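The next block holds one structure in the form of structure tokens; read it before the comments.
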Amino acid sequence: MKICHYNDNQAGVIVADKVYNVGEALIKAGLARNGYTMLEIIDALANNPQAPQIARDASQSAGAVPLSSVKLLAPITNPGSLWAAAANYRAHQEEMKTRMGNAGRESKSKDELMAEFFLKPTSSIIGPNDTVILPKISKLVDFECELCAVIGKRARKVTEDQALDYVFGYLMCWDISQRDPWGRGMHNTRNIRKGFDTFSGLGPWIVTKDEIGEPQNLTIKVLQNGKEVMTAHTSDMICGLREHIRFLTSCLTLRPGDLITTGTPAGVSKLQDGDHLEGTIEKIGSMELNVKAEL
């Protein structure tokens, strides 16, 4: 299923070019409350055995609206945490050596690399067709486009073999990143440099895990102003999603609705006022963003 968040904070299921209101169906069944959040909808669909069938039934009912007529929102705006992997593609590591003078990570073990996970604030989240605001203080802001997983079940000390059992679905994350003035030669600045308002684009919807058999077998492409600037494959990750879930749950508890974004491939590019971004992840879909300078 494709689970979307749209219009006045409604939860929907997308089938072809139609949106069906699944939130209303879950309320009628007593599985969601009036005024629900998408975190609650994800928790219900992942952990109440009745909820997925109610959603499927809703997607075959009358009353659908055209997808083109709705305003898509970020699929979840209130995750408990948004964990972001750092430097998880070799080509991006090399790119950042040249771009920012970063030190090499070749000698690091996978767990040492994953210990560089950082948190992005939920206040930075925007949705499809929203606008990234370039802060006045910055002369260099890049886009990063990444596969992001949504956790469905409470997870602690999970093995890699079990890891995907705890995933609810997948979406795209735009990890917008300030490189100047606090990027070069400074440590522990990622939360700020990647946490400005509008610096976490999520969307366009959540594709449930049953539709994506292997998260390490997806193509990622980005167009900047109509020109292809990034093309990559998730098999090129240094640490795959299974390893991310194993590592994080060895340290802490992941909960329904938590997000893990898996790092950007090479091809990051400077953003300018007026830019238009379009990213596509195979089996998930496409998401566009606009870019404006702070006034």
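The values are calculated or read from the model by the stated rules, or taken from the named source; none is laboratory data. If you're wondering where the values come from, they're calculated on a predicted model, not measured in any experiment. Neighbour counts are summed over all protein chains in view; Cβ atoms, including those assigned to glycine, are modelled from backbone coordinates with ideal geometry.
Of all the helices (runs of 4 or more DSSP H) wholly in the stretch 1-111, which have at least 1 residues that are among the polar types (S, T, N, Q)? Before you say what the answer is, go through the steps one by one.
Working: elements: 22-28, 38-47, 51-58, 90-100.
The helices (runs of 4 or more DSSP H) meeting that bar are 38-47, 51-58, 90-100.
Regarding the stretch 115-135, can at least one residue be identified that is more than 19 Å from the chain's Cα centre (by Cα), assigned by TED's automatic domain parsing to the domain that holds residue 192, modelled with pLDDT of 95 or more and polar (S, T, N, Q)? Show your work before the answer.
First pass over the stretch 115-135, keeping only residues more than 19 Å from the chain's Cα centre (by Cα): 115, 134-135.
Add one more test, that the residue is assigned by TED's automatic domain parsing to the domain that holds residue 192, and what stays is 115, 134-135.
Next, only the ones that are modelled with pLDDT of 95 or more stay: 115, 134-135.
With the extra rule that they be polar (S, T, N, Q), the set shrinks to none.
Within the stretch 115-135, none of the residues are more than 19 Å from the chain's Cα centre (by Cα), assigned by TED's automatic domain parsing to the domain that holds residue 192, modelled with pLDDT of 95 or more and polar (S, T, N, Q).
Mind checking whether some residue in the stretch 119-131 is farther than 22 Å from residue 6 by Cβ, surrounded by fewer than 22 Cβ atoms within 10 Å (Cβ to Cβ) and either in contact with a strand residue (DSSP E or B) (Cβ under 8 Å, 6 or more places away or on another chain) or of a type outside the set (Lys, Arg) (or both)?
In the first step, residues of the stretch 119-131 are kept if they are farther than 22 Å from residue 6 by Cβ; the result is 119-121.
This time we only want the ones that are surrounded by fewer than 22 Cβ atoms within 10 Å (Cβ to Cβ), so: 119, 121.
Imposing the further condition that a residue be either in contact with a strand residue (DSSP E or B) (Cβ under 8 Å, 6 or more places away or on another chain) or of a type outside the set (Lys, Arg) (or both) reduces the set to 119, 121.
Among the residues of the stretch 119-131, at least one is farther than 22 Å from residue 6 by Cβ, surrounded by fewer than 22 Cβ atoms within 10 Å (Cβ to Cβ) and either in contact with a strand residue (DSSP E or B) (Cβ under 8 Å, 6 or more places away or on another chain) or of a type outside the set (Lys, Arg) (or both), which makes the answer yes.
For the stretch 71-95, which residues satisfy the criterion of being of a type in the set (Val, Ile, Thr) and either crowded, with 19+ Cβ neighbours inside 10 Å or assigned by TED's automatic domain parsing to the domain that holds residue 204 (or both)? Break it down into steps so the answer makes sense when it comes.
Step one: of the stretch 71-95, the residues of a type in the set (Val, Ile, Thr) are 76-77.
Within the stretch 71-95, just 76 meets the criteria.
With the stretch 192-295 as the region, which strands (runs of 3 or more DSSP E) entirely inside it contain at least 3 residues that are surrounded by fewer than 22 Cβ atoms within 10 Å (Cβ to Cβ) and either polar (S, T, N, Q) or under 16 Å from the mean Cα position of the chain (by Cα) (or both)? It would help to see each step written out before you state the result.
On the way: elements: 200-208, 219-224, 227-233, 259-261, 276-281, 285-293.
It comes to 219-224, 285-293.
Restricting the stretch 40-49 to residues that are surrounded by 13 or more Cβ atoms within 10 Å (Cβ to Cβ) and either out of contact with any Lys or Arg (no Cβ under 8 Å at 6 or more places or on another chain) or in the same structural domain as residue 208 (by TED's automatic domain parsing) (or both), which is farthest from residue 165 (Cα to Cα)?
Filtering the stretch 40-49 down to residues surrounded by 13 or more Cβ atoms within 10 Å (Cβ to Cβ) leaves 40-48.
Remaining after also requiring either out of contact with any Lys or Arg (no Cβ under 8 Å at 6 or more places or on another chain) or in the same structural domain as residue 208 (by TED's automatic domain parsing) (or both): 41-45, 48.
On the way: 41: 18, 42: 15, 43: 14, 44: 16, 45: 14, 48: 15 Å.
Filtering the stretch 40-49 for residues that are surrounded by 13 or more Cβ atoms within 10 Å (Cβ to Cβ) and either out of contact with any Lys or Arg (no Cβ under 8 Å at 6 or more places or on another chain) or in the same structural domain as residue 208 (by TED's automatic domain parsing) (or both), the one farthest from residue 165 (Cα to Cα) comes out as 41.
Can residue 84 be described as modelled with pLDDT of 95 or more, more than 28 Å from residue 213 (Cα to Cα), in contact with an Asp or Glu (Cβ under 7 Å, 6 or more places away or on another chain) and not charged (D, E, K, R)?
Values: modelled with pLDDT of 95 or more: yes; more than 28 Å from residue 213 (Cα to Cα): no; in contact with an Asp or Glu (Cβ under 7 Å, 6 or more places away or on another chain): yes; not charged (D, E, K, R): yes.
It is false that residue 84 is modelled with pLDDT of 95 or more, more than 28 Å from residue 213 (Cα to Cα), in contact with an Asp or Glu (Cβ under 7 Å, 6 or more places away or on another chain) and not charged (D, E, K, R).
Would you confirm, using the coordinates I've provided, whether residue 283 is of a type outside the set (A, V, I, L, M), modelled with pLDDT of 95 or more and closer than 19 Å to residue 129 by Cβ? Working first, answer last.
Numbers: of a type outside the set (A, V, I, L, M): yes; modelled with pLDDT of 95 or more: yes; closer than 19 Å to residue 129 by Cβ: no.
The answer is no for residue 283.
State all residues of the stretch 147-173 that are farther than 13 Å from residue 42 by Cβ, in contact with a helix residue (DSSP H, G or I) (Cβ under 7 Å, 6 or more places away or on another chain) and either of a type in the set (Gly, Ala, Ser) or outside any helix (DSSP H, G or I) (or both); if no residue qualifies, say none.
Within the stretch 147-173, 147, 155, 156, 157, 158, 159, 160, 163 qualify.
So residue 13 clears everything in (1) under 16 Å from residue 203 (Cα atoms); (2) surrounded by fewer than 19 Cβ atoms within 10 Å (Cβ to Cβ) except one condition, right? Which one?
If we test residue 13 against (1) under 16 Å from residue 203 (Cα atoms); (2) surrounded by fewer than 19 Cβ atoms within 10 Å (Cβ to Cβ), just (2) comes out false.
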